[in-house]
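First up is the structure itself, then whatever we jot down about it.
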Amino acid sequence: MHYILVSDAISEEGLAPLLEMEDAEIIQKRVDDPEVPLDKIEALLVRSATKVDEELMEKMPSLKIIARAGVGVDNIDVQAATKRGIIVVNAPDGNTISAAEHTFAMMASLMRNIPQAHQSVKNLEWKRNAFVGTELYGKTLGIIGLGRIGSEIAKRAKAFGMSVHVFDPFLTKERAQQMGIISGSLDDVLMNADIITVHTPLTPKTKGLLNEQTLSKTKKGVFLLNCARGGIIDEKALAKFIANGHVAGAALDVFETEPPGENPLFKFDNVIVTPHLGASTKEAQLNVATQVAKEVKMYFEDKPVLNSINLPAMSKDIYEKIRPFHHLAKQIGSMLSQCVKEGVNEISVTYSGSVVDLETTYLTKALLSGFFKNRIDANVNEVNAMLTAKERGVTVGEKISSNTFGYSNCISVMIKGDIRNYSIRGTFIENYGPRIVYINDFNIDFFPDGNLLYIQHIDRPGVIGRVGKILGDHHINIATMQVGRKEVGGEAIMILSCDKPLDDEKVKLLQELDDIVSINQIIL
Ligand code: NAD
Ligand code: MLT
């Protein structure tokens, strides 16, 4: 049974994909509710209210996936999740339109004093001269952060006859030209805009992006909007610039602390506010809930998640192509880990043939996860495999080669250990499956699965018989057997696939046989 916790208010209709799962129990309770079995929870669904920090992850040892029903993941410690191998997914575009429309509604309300006028009329006043506004038409809108939401705002601003100046370090001149907007520096936007709206994520770089120093570069009478994240506009600086009349008005949907409590900005009539409503439409809530519920379901069905923050994004089609190699890479990693027992300094992976067209870094991570899984007492997977290697001082290299050794594809791995080096090569053959075709200078051909015995021996008559006899005497059935040698009477290897694993005593008996150099039991 998979225990899935939905900690924040998430559309019930959107959760349908999870509610349909027969092997899942969906718990809709706050994460701090004492009735929640934190140690059993495998998936956690949140909006922005639940803070998912390291302390919480510590209490949730079974947690495998955190799903954010929205865009911003600033309430999740993604680094801590990555370290623990927890996948973080979000719903990047389900609320884009709602957030853009809300920003536009705030902009129009701010410029036409709609909330103030509304309250006045309800107070039985009729002050037509007190609420004279400013047109949007012909004004310059400055957008900081032209991602999904910023782009939708730019389109709407153009339709209103505004000119749009944008600052986004990742925006190309070509895209700006296509959109009919002006791309410039932060200073360009600050100095030219009549209205400035921010649409970046909250990061250490964007925290306090609009502060006393940057605000002093803006036009006197500028209007400001923050419908992205509290803190991108420094609230203290904003209060100062509203009080001294430099900023003509501000519209805020988000705050440095939420809920904001007594906030000095609330005393200004020209500051209008909403309680983080950007994504609060029926449509957006259904979209984001459905997106993350599908992601979590796919995760439990062992299918690729599409919108992971800490894994490469992969479509279903691509995943189907990469799946056999993903399995092969994991098996190779696990085999190597069981053969090379000493410390390892370097793992280099070379891809050749058809596999090079796929996401090879993902395969390298799978190989590392297979390698570390048996070695360290932590959840290692594709999310934290590179980090795990780095933390343990293992250098990881990845190369592409044109040498396919006669196969249509190859994954070749070389490990530099403290005592010796080790190399292995695998391939995936259509309608046949994964094969290991080379180990340490020996050509061989076996299926990497089940209970394997990798025996290095001297090529002399009788060795195979002696090994077979010991296994037979102990009722261990040999399913397949492959041998390889370099020259008659020289070093040789055999790979036996047995129907059950051997205990240490039987491995020792084999080890003591004449002409046996070494034995590794590999369980895949
Ligand atoms: P996005 O990732 O598509 O766009 C963010 C853009 O910001 C990117 O183009 C990026 O290049 C740019 N950027 C990053 N750092 C920057 C910097 N230092 N200066 C300038 N630009 C920078 O994200 P999005 O979907 O457009 O959402 C933006 C933010 O809006 C989210 O991170 C979220 O915090 C917020 N949001 C709020 C609500 C709400 O309810 N109020 C709803 C949805 C999203
Ligand atoms: C988001 O980042 O998607 C928004 O903050 C929406 C939300 O969760 O309310």
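Please find, among VAL488, VAL483, VAL507, the residue that is surrounded by fewer than 18 Cβ atoms within 10 Å (Cβ to Cβ), touching a residue at least 12 places away in the same chain (Cβ under 8 Å) and either in a helix (DSSP H, G or I) or among the polar types (S, T, N, Q) (or both).
VAL507
Test each condition in (1) under 38 Å from the mean Cα position of the chain (by Cα); (2) under 30 Å from LYS399 (Cα atoms) for PRO501 and report the one that comes out false.
(2)
Among the residues of the range 252-272 satisfying the criterion of being of a type in the set (Val, Ile, Thr) and either within 12 Å of ligand 1 (Cβ to nearest atom) or part of a loop (DSSP other than H, G, I, E, B) (or both), which is farthest from ALA193 (Cα to Cα)?
The qualifying residue farthest from ALA193 (Cα to Cα) is THR257.
Per-residue answers, yes or no, for (1) within 16 Å of ligand 1 (Cβ to nearest atom); (2) farther than 15 Å from GLN291 by Cβ; (3) in contact (Cβ under 8 Å) with a residue 40 or more places away in the chain:
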residue	(1), (2), (3)
LEU5	no, yes, yes
PRO17	no, no, yes
GLU25	no, yes, no
LYS29	no, yes, no
PRO34	no, yes, no
LYS51	yes, yes, no
ILE65	no, no, yes
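Go through ASN226, ASN270, ASN192, ASN263 for me and flag whichever is among the polar types (S, T, N, Q), modelled with pLDDT of 95 or more and within 16 Å of ligand 2 (Cβ to nearest atom).
Exactly one of ASN226, ASN270, ASN192, ASN263 is among the polar types (S, T, N, Q), modelled with pLDDT of 95 or more and within 16 Å of ligand 2 (Cβ to nearest atom), namely ASN226.
Looking at the range 105-137, which of its residues are within 16 Å of ligand 2 (Cβ to nearest atom) and buried (at least 18 other Cβ atoms within 10 Å of the Cβ)?
Within the range 105-137, just MET106 meets the criteria.
Quick check, is THR82 of a type in the set (S, T, N, Q), closer than 18 Å to TYR299 by Cβ and either within 16 Å of ligand 2 (Cβ to nearest atom) or at pLDDT below 95 (or both)?
So THR82 passes the test.
Report, ordered by the first and then the second residue, all pairs with beta carbons closer than 6 Å, sequence separation of six or more or different chains, a first member in the range 185-211 that is more than 12 Å from GLY230 (Cβ to Cβ) and hydrophobic (A, V, I, L, M, F, W, C), and a second member that is in a loop (DSSP other than H, G, I, E, B) and within 16 Å of ligand 2 (Cβ to nearest atom).
From the range 185-211, the pairs are LEU209/ILE232.
Would you say ARG84 is outside the structural domain of LEU225 (by TED's automatic domain parsing) and in contact with a helix residue (DSSP H, G or I) (Cβ under 9 Å, 6 or more places away or on another chain)?
yes
Pull up the range 1-39, narrow it to residues that are of a type in the set (Gly, Ala, Ser) and in a helix (DSSP H, G or I), then point me to the one that is nearest to LYS51 (Cα to Cα).
It comes out as GLY14.
Are any of the residues in the range 239-251 away from ligand 1 (no atom under 16 Å from the Cβ), buried (at least 20 other Cβ atoms within 10 Å of the Cβ) and within 37 Å of the chain's Cα centre (by Cα)?
There is no residue in the range 239-251 that is away from ligand 1 (no atom under 16 Å from the Cβ), buried (at least 20 other Cβ atoms within 10 Å of the Cβ) and within 37 Å of the chain's Cα centre (by Cα).
Given the conditions (1) under 19 Å from LYS29 (Cβ atoms); (2) within 16 Å of ligand 2 (Cβ to nearest atom); (3) modelled with pLDDT of 95 or more; (4) assigned to a loop (DSSP other than H, G, I, E, B), report the number of the one that ALA49 does not fulfil.
Single failed check for ALA49: (3).
Hey, does the range 102-111 have a residue that's closer than 20 Å to ILE195 by Cα and within 9 Å of ligand 1 (Cβ to nearest atom)?
Within the range 102-111, one or more residues are closer than 20 Å to ILE195 by Cα and within 9 Å of ligand 1 (Cβ to nearest atom).
Among the residues of the range 430-449, write down those that are surrounded by fewer than 18 Cβ atoms within 10 Å (Cβ to Cβ), within 31 Å of the chain's Cα centre (by Cα) and outside any strand (DSSP E or B).
GLU430, ASP449
Among the residues of the range 494-504, how many are surrounded by fewer than 18 Cβ atoms within 10 Å (Cβ to Cβ) and of a type in the set (Val, Ile, Thr)?
Total meeting the criteria: 0.
Name the single residue, out of those in the range 273-302 being surrounded by fewer than 19 Cβ atoms within 10 Å (Cβ to Cβ), assigned to a helix (DSSP H, G or I) and not acidic (Asp, Glu), that is farthest from ligand 2 (Cβ to nearest atom).
PHE300
Filter the range 168-224 down to the residues that are of a type in the set (S, T, N, Q) and within 28 Å of GLN79 (Cβ to Cβ), then identify the one that is surrounded by the fewest Cβ atoms within 10 Å (Cβ to Cβ).
Top of the filtered list is THR203.
Inside the range 195-223, can you point out the residues that are part of a loop (DSSP other than H, G, I, E, B), in contact with a Leu (Cβ under 8 Å, 6 or more places away or on another chain) and within 16 Å of ligand 2 (Cβ to nearest atom)?
Within the range 195-223, HIS199, THR200 qualify.
Of the residues VAL340, VAL349, which is assigned by TED's automatic domain parsing to the domain that holds LEU363 and within 27 Å of the chain's Cα centre (by Cα)?
Matching residue, one of VAL340, VAL349: VAL349.
Taking into account only those residues within the range 40-67 that are of a type in the set (Lys, Arg) and more than 11 Å from SER7 (Cβ to Cβ), which is surrounded by the fewest Cβ atoms within 10 Å (Cβ to Cβ)?
Across the range 40-67, the extreme among qualifying residues is LYS59.
The values are calculated or read from the model by the stated rules, or taken from the named source; none is laboratory data. For clarity, every value in this text was computed on a predicted model and none was experimentally measured. When we count neighbours, we look across all protein chains shown, and the Cβ atoms used for this are built from the backbone with ideal geometry, even at glycine.
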